[in-house]
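**Q** Dropping a structure here in structure tokens format, bear with me for questions.
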Amino acid sequence: MKLSELTESVTFSLSEFRKDKDYPDGLYDFTPFYKHEFKPCGFCDGTGKEKWENDHGDPLWHECEYCKGKAATKEWIPMVGELNLANSNARTLLQMLGYEDDELSGAWNPKDLPEVKRRLIKLMNQDTSQHTQQPRRVPGQTRVGKDDNGMSRITRGPLLYDMGRTQNQLDRYMSELWKLVDAAQKLNASVSWA
């Protein structure tokens, strides 16, 4: 597992391929399948104020910097749904379907969706237990470094926890992807991921 697989994720969602004067080669646009909604601000828990403390530990209340005191933020909400996976899980799901994708970005156009559905049906009806993973601790690499006094020291990189992948997770990923592909077929849309 690479460190980049822990810090980023891949979102599968509906999109529409379009070309215009700004993008003559075309792009996948998700906006037709999302809507703006006001949701309680996640930074101030919908209060519009942030609690800070002065040097003496006394609470000071300030306007939330994220929502500017409005207690809500305008968020993009999918109208159909989306599937967000860690990079390692997205890569595994794509490989299970027979797609090799090193960039972890791409799209299935409406004409490709029947084949994707066939692959999903086949995958959902076979044993996928070889793709599960037990949780594990991954110790950082040992290296020689210098401390603040210039003395050589042996240090270890950060300890990473790989939470593994259960059969229930795999089943849920396949089920959610099925729903997206099915919705895309009904709406003549693409399924893109990045």
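No value in this document is a laboratory result; all are computed from the given coordinates. All values derive from a computational prediction rather than experimental measurement. Positions of Cβ are backbone-derived with ideal geometry, glycine not excepted, and every protein chain shown enters the neighbour counts.
**Q** Can you pull out the residues in segment 143-161 that are more than 30 Å from A86 (Cα to Cα) and either in a loop (DSSP other than H, G, I, E, B) or polar (S, T, N, Q) (or both)?
**A** D147, D148, N149, G150, M151, S152
**Q** Among the numbered conditions (1) over 16 Å from L94 (Cβ atoms); (2) without any contact (Cβ under 8 Å) to a residue 40 or more places away in the chain; (3) assigned to a helix (DSSP H, G or I), tell me where Q185 comes up short.
**A** Every listed condition holds for Q185 apart from (2).
Listed here are the residues, each with its yes/no results for (1) in contact with a strand residue (DSSP E or B) (Cβ under 9 Å, 6 or more places away or on another chain); (2) of a type in the set (S, T, N, Q).
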{"site": "S13", "(1), (2)": "yes, yes"}
{"site": "F17", "(1), (2)": "yes, no"}
{"site": "Y28", "(1), (2)": "yes, no"}
{"site": "F43", "(1), (2)": "yes, no"}
{"site": "G48", "(1), (2)": "yes, no"}
{"site": "K51", "(1), (2)": "yes, no"}
{"site": "N54", "(1), (2)": "yes, yes"}
{"site": "G57", "(1), (2)": "no, no"}
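**Q** How about segment 31-69: which of its residues are closer than 23 Å to V80 by Cβ, hydrophobic (A, V, I, L, M, F, W, C) and touching a Pro at 6+ places or on another chain (Cβ under 8 Å)?
**A** Selection gives F33 alone.
**Q** Within the set of pairs 6 or more residues apart or between chains, which connect a residue that is in contact (Cβ under 8 Å) with a residue 60 or more places away in the chain and under 30 Å from F33 (Cα atoms) inside segment 49-78 to a residue that is among the aromatic types (F, W, Y) and surrounded by 13 or more Cβ atoms within 10 Å (Cβ to Cβ) with Cβ atoms less than 7 Å apart?
**A** P78/F33; P78/Y34
**Q** Would you please list the contacts, defined by Cβ atoms under 6 Å and residues six or more apart or on different chains, that run from a residue in segment 133-160 that is over 30 Å from T92 (Cα atoms) and free of Cβ contacts under 8 Å to residues at least 12 places away in the same chain to a residue that is of a type in the set (D, E, K, R) and surrounded by 10 or more Cβ atoms within 10 Å (Cβ to Cβ)?
**A** G145/R153; D147/R153
**Q** Out of the residues in segment 113-133 that are touching an Asp or Glu at 6+ places or on another chain (Cβ under 9 Å) and either of a type in the set (S, T, N, Q) or not in a helix (DSSP H, G or I) (or both), state the one that is surrounded by the most Cβ atoms within 10 Å (Cβ to Cβ).
**A** T128
**Q** Among the strands (runs of 3 or more DSSP E) lying completely within segment 58-112, list those that include at least 2 residues that are touching a His at 6+ places or on another chain (Cβ under 9 Å) and loosely packed, with under 14 Cβ neighbours inside 10 Å.
**A** Output list reads 72-78.
**Q** Separate question: Could you tell me whether E50 is in contact with a helix residue (DSSP H, G or I) (Cβ under 6 Å, 6 or more places away or on another chain), surrounded by 11 or more Cβ atoms within 10 Å (Cβ to Cβ) and not in a helix (DSSP H, G or I)?
**A** No: the conditions fail for E50.
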